[in-house]
Amino acid sequence: MIFKKGLGVSAGYSKAKAFVLRDSHIEIGHDLASDVDSEIGKLDAAIVESVRQIERLKEESARRIGEKNIEIFDAHLMMIDDDTFKDRIRSLIRDDRMNAIWAVDSAKNEFRETFEAIEDEYMRARAADICDISDRIIRNLAGVKDADMSLISEPSVIIAHDLAPSDTARIGNAPIIGFAIEAGSRTSHSAIMAAAMQIPAVVALGDGFVSEVSDGDTVLLDGSDGIVTVNPDDAALREFCAKKEKHDNEQKRLASFIGKSGATKDGKRIMIEGNIGTPRNADKVLSNGGEGIGLFRTEFLFMDKSSLPAEDEQFEAYKEVVEKFNGKPVIIRTLDIGGDKNVPAMGLPKEENPFLGYRAIRICLDRPDFFKVQARALLRTSAFGNLKVMFPMISSLEEVLSAKRIFEEAKQELRENGIKFNEKLPIGIMIEIPVAAVNAMTLGRHVDFFSIGTNDLIQYSCAVDRVNEKVSGLYKPLHPGVLGLIRMVGEAAKANGIECGVCGEMGGSRGMSAILVGLGVTNLSMSASKILATKEFLSKLTFEECRKIADDMVMASSSEENEKYFEELLRKTLQFDFA
Ligand code: PEP
Ligand code: MG
């Protein structure tokens, strides 16, 4: 039996077989080929095997998610069949005497560079495809198992070093009922997506864990306390079942809040909404009593694709969500690529400091052609429900005005084509950069609402990379300075007569919701799984009590003082539930 403690980032309990994704990094050896014909024979066999795998993936995906989502596999099959690519690999083996793995890797780099240098965006994005198929051929040459998650056919828990957000975007297509990873943090996007999908997840298990687990081992995943048990003994299994039963009972008790509106004990109305990454997640928000969508992270629609989704495809996805919400507010955020969210189809170069670099609205303003496609899709959606749009990573008024100008141009194009949209579509901004918080009074005059992205606001104000485990101890949501910034935003929203939401993870931490309300926040948006507990927690405190808690915490002299205060608040407020 293996027992490991990490960080529980998505509550709940799963018992299933392990599906281990081993680090598929393969050392590229530079030994010369001693037998050229044998290397070419190995190459041909690896190509045949790769084609077989892609065809299988295509069939599986068509069965699970429908024909329209399988174009990536057709693109890969076409490229792997291309003689120019294959002939280049063969010539590197024959003429330069490279071994087969080395030759595929060299051809991959040559073709990737050629694609990356092309002006045309579609062609540039083919670089990601060439890397993908080359890596598959290399894996087959090296005898490394294809770890594609879409091949999983029975309920499984994923065990891996790390999962990229694009991996989690694919999880909904396979019967994956949890994951346990060595890396990660509470606000990494893999963790956030797990909570949106309501599957238990444990992160930060530390290096070495993956090597201790084998495919098919029995895994008990406790996403509430952050515990993973592999091949449990009877006692561990009994303890797990008891905890699961308690959790299930708590969920049943909380179900009484599904139809209730979010409010403090004395009736101060606070909207409790859900965060989603794909339309698939929207049903979970509704079934958990969400009063709207406070954040739709649209970049997840762009991640597992070989080309950028066209205007119509985006429109269909956005419309599906606003129609599901049937008049309830839906806030869709324009693309927030960058940081830990890569969109391979964009072919963006790697950066030294991705969270401080070419990200989100910066990319959109730099590429208005591309931004306008999303703007048109969103405007068209506005004719079908209660849509609001917001821009991420705003640091200045100029950015707000430029982004709004692009929306105005898109509106004009739609008018000229007689296409319906809401002329008064509310436009808001995310406050997640400290200068925007300090400048909120001015920004508030130009927008219809604020939504505070605490994940980034904390990262930027504490200068702590949100996905770097080594410094996670310095990431302090309860730092009096962070709370002071949030208060400034709350006050600026009130003075400008606009709503002030929070859509970062802090909003869904039930105790912290009370502090945020006391700081002037009017809307809280969170993963579906946290909605009911937050409604319940707020219903136990009056608005005045929330104000007092917030005042005390802003005035505190350290995060540690606030952390103790917070523990006491949880204990006092929830004592009846723990009894
Ligand atoms: C945030 O920064 O708090 C936020 C909600 O956006 P994201 O986590 O997608 O960066
Ligand atoms: Mg953010």
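The values are calculated or read from the model by the stated rules, or taken from the named source; none is laboratory data. Not measured: the values here are computed from a predicted model. Backbone-built Cβ (ideal geometry, glycine too); neighbour counts: all protein chains shown.
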Members of the range 319-335 found to be assigned to a loop (DSSP other than H, G, I, E, B) and more than 16 Å from ligand 2 (Cβ to nearest atom), listed by number: Asn326, Gly327, Lys328, Pro329
Residue tally, condition of a type in the set (Val, Ile, Thr) and closer than 20 Å to Pro279 by Cβ, over the range 372-427: 3
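Scan the range 390-399 and give yes if some residue there is crowded, with 22+ Cβ neighbours inside 10 Å, away from ligand 1 (no atom under 16 Å from the Cβ), over 25 Å from Cys131 (Cβ atoms) and at pLDDT 95 or above, otherwise no.
no
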Qualifying residue in the range 319-335 (condition: within 16 Å of ligand 1 (Cβ to nearest atom), of a type in the set (A, V, I, L, M), over 15 Å from the mean Cα position of the chain (by Cα) and modelled with pLDDT of 95 or more): yes
Residue tally, condition within 15 Å of ligand 2 (Cβ to nearest atom) and in contact (Cβ under 8 Å) with a residue 40 or more places away in the chain, over the range 343-363: 2
Qualifying residue in the range 306-317 (condition: under 20 Å from the mean Cα position of the chain (by Cα) and within 16 Å of ligand 1 (Cβ to nearest atom)): no
The range 364-398, subset under 30 Å from Glu291 (Cα atoms) and of a type in the set (Phe, Trp, Tyr), residue nearest to ligand 2 (Cβ to nearest atom): Phe391
Spans of helices (runs of 4 or more DSSP H) in the range 64-117 with at least 3 residues modelled with pLDDT under 90: 71-80, 100-116
Test for Lys530: is it modelled with pLDDT under 95, over 13 Å from Lys268 (Cβ atoms) and either crowded, with 21+ Cβ neighbours inside 10 Å or small (Gly, Ala, Ser) (or both): yes
Lone qualifier among Ala375, Ala360 - being more than 14 Å from ligand 1 (Cβ to nearest atom), outside the structural domain of Tyr122 (by TED's automatic domain parsing) and among the aliphatic types (A, V, I, L, M): Ala375
The range 336-355, residues that are under 18 Å from the mean Cα position of the chain (by Cα) and either more than 30 Å from Gly292 (Cα to Cα) or assigned to a loop (DSSP other than H, G, I, E, B) (or both): Asp336, Ile337, Gly339, Asp340, Asn342, Val343, Pro344, Ala345, Met346, Pro354
Single residue of the range 448-506 satisfying the filter (of a type in the set (A, V, I, L, M), more than 16 Å from ligand 2 (Cβ to nearest atom) and not in a loop (DSSP other than H, G, I, E, B)) that is modelled with the lowest pLDDT: Val471
Selection count where residues are of a type outside the set (Gly, Ala, Ser) and either surrounded by fewer than 16 Cβ atoms within 10 Å (Cβ to Cβ) or touching a Lys or Arg at 6+ places or on another chain (Cβ under 7 Å) (or both), scope the range 95-118: 10
Scope the range 177-200; condition within 12 Å of Ile276 (Cα to Cα) and in a helix (DSSP H, G or I); matching residues: His189, Ile192, Met193, Ala194, Ala195, Ala196, Met197
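Is it the case, given these coordinates, that Val447 is aliphatic (A, V, I, L, M) and either more than 26 Å from the chain's Cα centre (by Cα) or within 16 Å of ligand 1 (Cβ to nearest atom) (or both)?
No; evaluated as a whole, the condition is false for this residue.
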The range 450-480, subset touching a strand residue (DSSP E or B) at 6+ places or on another chain (Cβ under 6 Å) and of a type in the set (Gly, Ala, Ser), residue farthest from ligand 1 (Cβ to nearest atom): Ser451
Members of the range 507-520 that are in contact with a Gly (Cβ under 7 Å, 6 or more places away or on another chain) and in a helix (DSSP H, G or I): Ser513, Leu516
Residues that are away from ligand 1 (no atom under 16 Å from the Cβ), in a loop (DSSP other than H, G, I, E, B) and hydrophobic (A, V, I, L, M, F, W, C), drawn from the range 420-442: Phe421, Leu425
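Tally up the residues in the range 265-277 that are crowded, with 21+ Cβ neighbours inside 10 Å and in a loop (DSSP other than H, G, I, E, B), please.
Residues meeting the conditions: 2.
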Long-range neighbours under 7 Å by Cβ, at least six apart or interchain, first residue at positive phi within the range 500-525, second outside any helix (DSSP H, G or I): Gly520/Cys500
